[in-house]
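S.K.: Sharing a structure here in structure tokens format.
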Amino acid sequence: MSLIYLLYIYNPCIRCTRTIAAICSSSSGCPLTQKRNTPDPGFRRLPFVYLLIPFIGGILFRHWLPEALPLHTAIGTLIIVSILTGILFSLKNRISKNSQSILLFYALLLCGYIICLQNDITRNKNWFGSDLQSVTALSAKVIAPPQRKSRTILINLAVEKVRRDNAWQKTTGRLQLYVFLQDSIPEINVGDQLIMPNKLVAISNRGNPFEFDYARYLQRQGLYFKAFLPVKDLYVIHDEQRRSHWLEQFRNRLFSAIQNNIADTATMALTEATLLNDRSLLDNQIWRAYSLTGIAHIIAISGMHVSLFFGILLVFLWWLKAPGIRWLKYLLALPLIWLYIVLTNFPPSAVRAAIMFSIIFIGLAFRRDVNPLNLLAVTGFIILCAKPQWLFDAGIQLSFTAVASIFLFFKPIKSYWRPESKLFKALWDLIALSLSVQILVLPIVLYYFHQFPLWFLPANIPAALFSFLLMVMALLLLLLSALGIPCIWLGDTMTFMTHAFHQIIFTLSRYTPRGFRNLYISETAFWLLFAGIITLCLFYTFKKRLFCFLSLGAFALFFAGQAYTTIETLKQDRIVVYNCARYSIIDHFKGKNCYPVGETDSNALPNLDQYVLLPARLGFHAIRVSNKKSSAAIVKIKGKRVLILPAHLDLSGRDSFSVNFLIVSHQCSFQPEQWQAVFHPQKIILDSSLPRYKARRWRQKLATLGLMVHNVQEDGAWIFPEAFQ
């Protein structure tokens, strides 16, 4: 990131790697100063940029129209198109180049589509989920260390066998197993076999408005089923001959060295996150502060860490100075770079950086210059061929757009001012670097994280120095620990440095205006904003009026859409009964205000607020939440009456009071006949505070009385009315 540039200025041993580290760095890579980095729109100069576009189109085609083409039809069409393309290229003097381009475009589109089909586990005839009804039991292998949750233990399994017709059959696929916490839970390790009954359920979302599509996220990783089981339903076969892989042993030693020498929890968690990609101990407040100030990239393993690790390696290889053997530096560093990627469990953005680094090394070995934009496209092509689902990964999207933004805009921004002082030059380069990153990254940050890091400029300067010192000191700590030298003093130094840095970051995050913390744009608004920025950049580059008009049109539609949404928000009046197990949480949205009317105090549930309430309140543009919970039991919306039934209300002898919707919780006495006689509801909503078994029993009894029922836990959150009206 930006700290790499500081290394270039103050460390002569690393200056020779400026271009390499620039290409490898992620969201804040270092500057590229050569003229050849100016983008050339020609196919010969940027062939993979043009080839990557239809390939991505094929992946999106498979995503949007999953059953558009059968696999054999797509392969047959690809063969025919490939033959025609070869014929046209051999007859290039007779056939127009446009026909060649169209066929090549179509061939790459089909390639992307076919690769997506091939990576779809559900199309594998041996997938255990293809005929799950006939399965009575499963045998699966533990493939990752169990993760302890509040009430369960999450175990990731690879299914190896299923039992059908009293016989075991080999199969494939993965699933998630949640084991209820008990005192008698046996120790379960990686490599153990679990035999379990077929009580699988499909992974699905809770149906809350504007929530993250977690089910789709897992499905792209090949996970479609999960199970919740007590220990008594499991038969554990321990791997008695199991021996830890040397990489696992090495990783465990690194964790032990960090935990034995750093007493402060925050510093320990930050060190494990930035060095080994383990964020399990990281506090949510630190995440929030880093995100608000635009420095979350120093936590997630990315190209910045790969660049910094490479720079540190070159310090130890300083003695390889001769120009003829300079390539040897990269040959020695390359396997260590990939070892670092393996130790951090292959984070996508770091994999992107390592692939780019490897391609650069090949170019250096053959003494070939590589255009950085073309190199970025080659990297994307390789990654998407292996993992097409990574196209939808937010980390990959941020990584690639950030690097592309640096390649395109750093030099023009830097050229606006050329200070003579080395200190001011370094600071201006850092500022230009941070500004260039934000140009293409901004729409993605707004869409995924719903905030704008107002203080990214003042926060990135101390963040650059801090992340550099933290990584150097962490590596030194690991080295001294391996030599048996006590280094608690070094852990204390890291703790002091971390606390000082957090004072700066938390202060900046506190002074972030509320309007910058809660920004929501729809998918349509995202594409309009992104199109406006891209066409504006094209106008700046090529000076064509068409791009100017397209940019103005995209921005006009974006702002018109935001204005329309604001007007509709001021008129909104709706109620939402959320699906969050064991809790009765209800919001009444009126205009831009939100009034909690449920039984549970949502302010006491931070995780619930972050993952359930905040997305809905942002999506409905009602972020002004009343501090006092509304005591109203009756809410009138669009001429309809919604009654939130008070707890243990005695209905005997009460007069008739008609309502359209009746919301009941676990504290209400079950009186279906009285509900029908007194309230005459059109529909009864069972909120998620009811135990699942009780909600199902109530639903069955209410259905026998002819009453319509919405069980929030099975049908998803209840919203009335559902859309802006």
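S.K.: Within region 232-242, does at least one residue satisfy the condition of being among the basic types (Lys, Arg) and surrounded by 13 or more Cβ atoms within 10 Å (Cβ to Cβ)?
M.R.: No, that holds for no residue.
S.K.: Quick check on this structure: which one of TRP417, TRP455 is open to solvent by 60 Å² or more (accessible area, probe 1.4 Å) and touching a residue at least 40 places away in the same chain (Cβ under 8 Å)?
M.R.: Result: TRP455 is the single residue among TRP417, TRP455 that is open to solvent by 60 Å² or more (accessible area, probe 1.4 Å) and touching a residue at least 40 places away in the same chain (Cβ under 8 Å).
S.K.: Sticking with this structure for a sec: Where residues in region 172-208 are among the acidic types (Asp, Glu) and surrounded by fewer than 15 Cβ atoms within 10 Å (Cβ to Cβ), which of them is farthest from the chain's Cα centre (by Cα)? Show your work before the answer.
M.R.: Start the filter on region 172-208 by keeping residues that are among the acidic types (Asp, Glu), which leaves 183, 187, 192.
Remaining after also requiring surrounded by fewer than 15 Cβ atoms within 10 Å (Cβ to Cβ): 183, 187.
Details: ASP183: 34, GLU187: 31 Å.
So the residue we want is ASP183.
S.K.: May I pose another question? Which one of these is touching a residue at least 24 places away in the same chain (Cβ under 8 Å), within 30 Å of GLN451 (Cβ to Cβ), part of a helix (DSSP H, G or I) and open to solvent by 10 Å² or more (accessible area, probe 1.4 Å): GLN610, GLN676?
M.R.: Numbers: GLN676 fails: within 30 Å of GLN451 (Cβ to Cβ).
Unique residue meeting the criteria: GLN610.
S.K.: Against the condition in contact with a strand residue (DSSP E or B) (Cβ under 9 Å, 6 or more places away or on another chain) and at pLDDT 90 or above, how does VAL190 come out, does it pass?
M.R.: So VAL190 does not fit the description; no.
S.K.: I would also like to ask the following. Quick check on region 387-401. Is at least one of its residues outside any loop (DSSP other than H, G, I, E, B), in contact (Cβ under 8 Å) with a residue 40 or more places away in the chain and over 18 Å from the mean Cα position of the chain (by Cα)?
M.R.: no
S.K.: Can you give me the ranges of the helices (runs of 4 or more DSSP H) entirely in region 462-573 with at least 3 residues that are open to solvent by less than 60 Å² (accessible area, probe 1.4 Å)?
M.R.: In region 462-573, 488-510, 523-542, 545-571 are the helices (runs of 4 or more DSSP H) which contain 3 or more residues that are open to solvent by less than 60 Å² (accessible area, probe 1.4 Å).
S.K.: Additional query: Could you say which residue among ALA257, ALA273, ALA227, ALA269 is buried (at least 19 other Cβ atoms within 10 Å of the Cβ) and touching a residue at least 60 places away in the same chain (Cβ under 8 Å)? Write out each step before concluding.
M.R.: Details: ALA273 fails: touching a residue at least 60 places away in the same chain (Cβ under 8 Å); ALA227 fails: touching a residue at least 60 places away in the same chain (Cβ under 8 Å); ALA269 fails: touching a residue at least 60 places away in the same chain (Cβ under 8 Å).
Of the residues listed, the single one that is buried (at least 19 other Cβ atoms within 10 Å of the Cβ) and touching a residue at least 60 places away in the same chain (Cβ under 8 Å) is ALA257.
S.K.: Just one of (1) of a type in the set (A, V, I, L, M); (2) in contact with a helix residue (DSSP H, G or I) (Cβ under 6 Å, 6 or more places away or on another chain); (3) surrounded by fewer than 20 Cβ atoms within 10 Å (Cβ to Cβ) trips up LEU649, so point out which.
M.R.: (2)
Residues checked against (1) touching a Leu at 6+ places or on another chain (Cβ under 9 Å); (2) under 27 Å from GLN182 (Cβ atoms); (3) outside any helix (DSSP H, G or I); (4) not polar (S, T, N, Q):
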{"residue": "GLN100", "(1), (2), (3), (4)": "yes, no, no, no"}
{"residue": "ALA107", "(1), (2), (3), (4)": "yes, no, no, yes"}
{"residue": "LEU110", "(1), (2), (3), (4)": "yes, no, no, yes"}
{"residue": "ILE115", "(1), (2), (3), (4)": "yes, no, no, yes"}
{"residue": "GLY129", "(1), (2), (3), (4)": "yes, no, no, yes"}
{"residue": "GLN133", "(1), (2), (3), (4)": "no, no, no, no"}
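S.K.: In the set LEU247, LEU281, which member is surrounded by fewer than 18 Cβ atoms within 10 Å (Cβ to Cβ), part of a helix (DSSP H, G or I), modelled with pLDDT under 90 and among the aliphatic types (A, V, I, L, M)?
M.R.: It is LEU247.
S.K.: Sticking with this structure for a sec: Need pairs with beta-carbon distance below 8 Å; first residue acidic (Asp, Glu) and within region 122-137, second not in a loop (DSSP other than H, G, I, E, B); sequence gap 6+ or separate chains.
M.R.: Taking only residues 6 or more apart or on different chains, the pairs are ASP131/ARG164.
S.K.: In addition: Consider only pairs whose beta carbons are under 8 Å apart and that are at least six residues apart or on different chains; among these, list those whose first residue lies in region 697-721 and is at positive phi and whose second residue is assigned to a loop (DSSP other than H, G, I, E, B) and among the charged types (D, E, K, R).
M.R.: GLY716/ARG206
S.K.: Would you be able to say whether some residue in region 93-103 is surrounded by fewer than 19 Cβ atoms within 10 Å (Cβ to Cβ) and touching a Phe, Trp or Tyr at 6+ places or on another chain (Cβ under 7 Å)?
M.R.: The answer is yes, given that some residue of region 93-103 is surrounded by fewer than 19 Cβ atoms within 10 Å (Cβ to Cβ) and touching a Phe, Trp or Tyr at 6+ places or on another chain (Cβ under 7 Å).
S.K.: Now for a different question. Looking at (1) in contact with a helix residue (DSSP H, G or I) (Cβ under 7 Å, 6 or more places away or on another chain); (2) within 27 Å of ASN593 (Cβ to Cβ); (3) open to solvent by less than 20 Å² (accessible area, probe 1.4 Å), which one does SER689 not meet, given that it meets all the others?
M.R.: So the condition that SER689 fails would be (1).
S.K.: Going through region 184-207 one residue at a time, which ones are among the small types (Gly, Ala, Ser) and in a strand (DSSP E or B)? Steps first, please.
M.R.: Applying the first criterion (among the small types (Gly, Ala, Ser)) to region 184-207 yields 184, 191, 202, 204, 207.
Answer for region 184-207, where residues must be among the small types (Gly, Ala, Ser) and in a strand (DSSP E or B): just ALA202.
The values are calculated or read from the model by the stated rules, or taken from the named source; none is laboratory data. Worth saying up front: this structure is predicted, and the values here are computed from it rather than measured. When we count neighbours, we look across all protein chains shown, and the Cβ atoms used for this are built from the backbone with ideal geometry, even at glycine. To get the accessible areas, we keep the full protein, side chains included, count just its heavy atoms, and leave off ligands, DNA and RNA. Shrake-Rupley method; radii C 1.70, N 1.55, O 1.52, S 1.80 Å.
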